[in-house]
1. Mind putting a number on the dipole of the chain about its Cα centre? Charges go on the C-beta only, +1 for Lys and Arg and -1 for Asp and Glu, and I need it in Debye to the nearest 20.
2. Quick check on packing: order 138-149, 47-58 by the mean number of other C-beta atoms within 10 Å, highest mean leading.
3. Determine the per residue accessible area of the range 364-461 with all protein chains present and a 1.4 angstrom probe, expressed in square angstrom.
4. Looking at the chain, what % of its DSSP beta bridges pair antiparallel, to the nearest 5?
5. Among Ala358, Phe171, Ala443, whose Cα sits farthest toward the positive end of the charge dipole of the chain (+1 at Cβ of Lys/Arg, -1 at Cβ of Asp/Glu, about the Cα centre)?
6. List, in order, the whole-Hz ³J(HN,Hα) value for each residue of the range 414-431 obtained from phi through the Karplus relation with A = 6.51, B = -1.76, C = 1.60 and θ = phi - 60°; use x for Gly and Pro.
7. How large is ³J(HN,Hα), in whole Hz, for each residue of the range 214-228 in order, when computed from phi with the Karplus curve 6.51 cos²θ - 1.76 cosθ + 1.60 and θ = phi - 60°, using x for Gly and Pro?
8. Give me the dipole magnitude in Debye, nearest 20, for the range 227-284 about the Cα centre, with unit charges on the beta carbon: positive for Lys and Arg, negative for Asp and Glu.
Amino acid sequence: MSPDPDNAFFAGGVFEEVLTKLSKVPQLRVISRTSMERIAKEQLEVSAIGKRLGVSHVLEGSVRRAGDRVRVTVQLIEASTDNHVWAENYDRKLDDVFAIQSEIALAIADQLKITLSQQLQSSLSDRPTTNQAAYDLYLRAVDERRVWRGAESFRAMIVLLEPAVTTAPDFLQARVLLAEAYGRMYWTGEDPDNQYVAKARALVADINKRWPDHPESVLALAQLWYNVDRNYEAALQGFRAVEAALPGNIAVLSGNSSSLKRLGRAKEFLVAARRWQSLDPESPIPYAELMFALDANRLYDEEIALGEEAVRKFPEDESAAYTFAVLKLAQRRDIGAVLDYGRRFNSRSESGAASRVAIARFVTGDIEGALAWQADRQSENPIMNAIGDAEKADLLQLAGRGAEAQAAAARSLAVVSAAIAEGRPAPRGEVAAWYARAGAIAALAGDRDKAAAWERKASAAQVSTIEEQMLLADALADLRRFMGDPEAAWRIKLKTVDVFTGTPRGELLAFKPYYDKLYGQSPAYRAYMSKLAAQP
């Protein structure tokens, strides 16, 4: 390795490609690059690495680049004995680096006595591209994908990947990653004109036309089904269809786990999340997913223990911090965990963070702090900003600031009405929930006729996923509440209580002063909360 950051990045690229190739071998459990880079920083002995990760062998080496030459040194070590099973030095021209990566993967399979099919041998010998500049851009985009920063990450990936596929049009992996980034912009609600959706569909169609039988093409299609179409069953089948060809691929593992989560298949979700985390045990993202899987299976003690481990290992990671704060709120009624998250992070990349932090501040009497958190929530999508304005208006009304609430609701209603009149797409494709949310905003602004019309449209729209059912119920509950019917509002809201992806009972109790203001006039709500408070 070299102190030169460009050379260090090049070395990381060699490492990345060797791992990618080895992960295709079904007999091997290959730990991800993210996890191995964290391990490397700790400078552990090989035996300690083996015990910590539960692996039999460790591959280590170095990469040095000088001019048009590259020197790669590798050695395969048996973790339990520290015996060097195999070692090799490669001193070649820079253009030959992809061949070196293939030779390393094939040599390791040979040393571990793994018989490879002709198809797999061919796959391990494939070169992703001959364009080194495009490959560097691709690797930087892969780095961006490793840390969850919401739409910010996906924008950065797009900036890197668009020139990569332009200069290297046959670079399949870069195209698949770019299609995913386009789709995730839509997923995060940052695609107000569906321009990214159009790009994603066109790119995936081109990938499947040019590489119809390639596993990466199926992966691209599965990701499109997940991110854009919200067809989680089709996405799951797609991810499962490529598991055999890409057994250690993190995108496949995460897609499989996430699809099962969205489908509400709790037991299978837990199995998939554990497998993902086992191959990437030093990364915060699978930790967060496994926490949710444990929660879905009501394994609360294990979930809290895992969360404590996650925030200890990844103190600066927002995803781990937010997931743990939400779970502590749900299981321990710990408002402090949410407030602490709000003090430490400001990126708003986590879905639901703005409303939970605002409610936590509201409950503790910090009205201005609650409103500030809502006001700071800005998106490039004006519709998402309008929804934020409506949430702020709701808080203002609860705080007794009716004139300000009316003004904020009117601003929100103007944007929402214009968007629907223009036929603009629903944020994230959630049509029924979008109409219900629009109706709630209209009711909050005092336009009861428009609220009733959008409520009818919401009732007529098709709802296919558990996630949208929860969003729809929350929006309809708000609509009924703003229409002056707290009893009906609570009966709708109750459908989301203690349902996975809904509102946990612990959160209801932790935020009781807030919910009392929303539904306190409902006899059914008061009876439910009295019964809930009496439970141990």
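1. Around 1340 debye, computed over the chain.
2. 138-149, 47-58
3. On a per-residue basis, the range 364-461 sits at 42 Å².
4. Approximately 95 percent, going by the DSSP bridge assignments.
5. Farthest towards the positive pole: Ala443.
6. 4, 5, 5, 4, 5, 5, 5, 4, 7, x, 6, x, 5, x, 6, x, 8, 5
7. Going residue by residue, I get 8, x, 5, 5, 5, 4, 4, 5, 4, 5, 5, 4, 6, 6, 9 Hz, with x marking Gly and Pro.
8. Details: 8 positive and 6 negative charges, 47 e Å.
About 220 debye.
The values are calculated or read from the model by the stated rules, or taken from the named source; none is laboratory data. These numbers come from a predicted model, not from an experiment. For neighbour counting, all protein chains shown are included, and Cβ atoms are generated from backbone atoms with ideal geometry for every residue, glycine included. Accessible surface areas use protein heavy atoms only, side chains included; no ligands, DNA or RNA. Shrake-Rupley method; radii C 1.70, N 1.55, O 1.52, S 1.80 Å.
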